[in-house]
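The values are calculated or read from the model by the stated rules, or taken from the named source; none is laboratory data. Here the structure is a predicted model, which means the values were calculated and not measured. Glycine also receives a Cβ, built like all others from the backbone with ideal geometry; neighbour counts cover every protein chain displayed.
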Amino acid sequence: MNIQELHNINLLPYEVENYSTALKSYVLFSQIDDKVVIAISKDYMSVSFDYLSKFEYKYEVIFLDEISYERLYNKFLEIKTDKEMSDIQQEQEDATVEDEDFSVSEFLKVGSDILTSEESAPIIKFVNSLFYQAIKKKASDIHIEMHEFKAEVRYRVDGVLVKHIELDKNIMSLVISRIKVISNLDISEKRIPQDGRTAIKIAGKTLDIRVSILPTFYGERVVMRILMQSEDILSVKELGFPSYITDELEKVLRNSYGMVLVTGPTGSGKSTTLHSLLHQVVSEEKNIITVEDPVEYKSNEFSQIQVNAKVGLTFASGLRSILRQDPDIIMLGEIRDKETASIAVQSALTGHLLFSTLHTNRAPAAITRLIDMGVEKFLISSSLLAVLAQRLVRKLCSSCKCEDDSNASHQLFKLSPNTKLFKPKGCKECNFTGYIGRIAIGELFIIDDEIKEYLKTDVDDNTLMKLAHESGMISLDVQLKQMLENGDTSVSEAVRIGLK
Ligand SMILES: [Zn+2]
């Protein structure tokens, strides 16, 4: 039978029990006009007959060549995805009323298509629903993973991965192809990592998405980062830090030159803070240039440079070029090597206000890190204004949090034995995670005269920490302890944050 004739075939996958077992034996139950037929591939006849011999089907058997069978098989996958898709939409309708205005047709289809639009519609809808759900759940990343027998989608919500859906690996391959198409990646390339970018329009809002694809043993792994939108940029006050930190920060930002560093592990909200700092100082009289990796969101108020190692555009070379563009304020995504550190310090000394991040856990450790990168202490002393170390702590859902009566925790965080602690439970309000939203905690280390004096001697982390405390720095652990005492977060979250 040829492809043309196949157009008249209707599939019956859901009317036949064990259809997935049948599928493994290259058997597809189909319908031509009103007649049910069994379609099998000429290439796998023996496997198919072996399967069919176990049943007493009275249907006519038709034989398909490789291409026709493949085509019918893909059609079957699409119907299956379409059903799963409508199940998801059904769930959405059941779950909330406010989604009434949502329709998949609102999504903008980006890029040309590998499959004809008619045939791939279910996959497009499914990929769009992945983005829609991610936005609804306030996810920052979408992860697609291939395992031995199945594939799954997880969302990163409030810094933690949450399972979204499990799918057949064949369908997920089609989903990944679709993602490659909209990100302008090579769909036939499955052996090397690929990075791309795409924009998706959801209900009138355009989302920028960074796509990373990595081949793994069981198939390709996809991570999609939903980048910040300019309207999502919070003011320094809105970041959620205690007012003694924001007030001090605002004072620091009045300097016309010098360096302000934000530190913390990955996912601690450093880049959000950097952008808030930039927004605090933005003005028409200032020339602001950034070097980022990636450019987190597109701004109309300043120039942004995307790091591109392939063409030799690194943080260091980008920064060097910026300096020839007469900037007032520079934002540098990260200082991670000697060369970048040295140019950053030099530019802060020569009349520029520079914001950047460093990978240290505590604020005072930024000094020793810079020294380790080969920056002279006297240069640090005359360029560094302040260091903010920060973390994002998940807040317990107030609708379902319950008392935590385990006693070991009190000792761990040096809490009074009478302190009432709470733990997460999970309810509809919080998507069954037990947490809603995150709060920023931070320690702001100001480089005052005393610290500058100390920088003339041999420097070590412990003394720096001690001096910082003496000059009034309220440390991260104090704030975390307070959150526990107020019942704002759980012991397990405090442990995850890693301070004691
Ligand atoms: Zn809850």
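So the values come out like this:
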{"quantity": "Scope the range 421-450; condition among the small types (Gly, Ala, Ser) and crowded, with 16+ Cβ neighbours inside 10 Å; matching residues", "calculated": "Gly434, Ala440, Gly442"}
{"quantity": "Residue satisfying all of: in the range 229-259; of a type in the set (Asp, Glu) and free of Cβ contacts under 8 Å to residues at least 24 places away in the same chain; nearest to Leu385 (Cα to Cα) among these", "calculated": "Asp247"}
{"quantity": "Neighbours by Cβ (under 9 Å, 6+ apart or cross-chain): first from the range 361-376, at positive phi; second not polar (S, T, N, Q)", "calculated": "Gly374/Lys338; Gly374/Ala341"}
{"quantity": "Residues that are over 22 Å from Pro417 (Cβ atoms), buried (at least 18 other Cβ atoms within 10 Å of the Cβ) and β-branched (Val, Ile, Thr), drawn from the range 457-500", "calculated": "Ile497"}
{"quantity": "Long-range neighbours under 6 Å by Cβ, at least six apart or interchain, first residue without any contact (Cβ under 8 Å) to a residue 24 or more places away in the chain within the range 30-47, second outside any helix (DSSP H, G or I) and not charged (D, E, K, R)", "calculated": "Gln31/Asn10; Gln31/Leu12; Tyr44/Tyr26; Val47/Ser25; Val47/Tyr26"}
{"quantity": "Any hit, the range 206-216, residues being surrounded by fewer than 17 Cβ atoms within 10 Å (Cβ to Cβ), touching a helix residue (DSSP H, G or I) at 6+ places or on another chain (Cβ under 9 Å) and modelled with pLDDT of 90 or more", "calculated": "no"}
{"quantity": "Listing of helices (runs of 4 or more DSSP H) fully contained in the range 366-459 that carry 3 or more residues being away from the ligand (no atom under 16 Å from the Cβ) and at pLDDT 90 or above", "calculated": "377-383, 449-454"}
{"quantity": "Test for Glu301: is it surrounded by fewer than 17 Cβ atoms within 10 Å (Cβ to Cβ), without any contact (Cβ under 8 Å) to a residue 60 or more places away in the chain and part of a loop (DSSP other than H, G, I, E, B)", "calculated": "yes"}
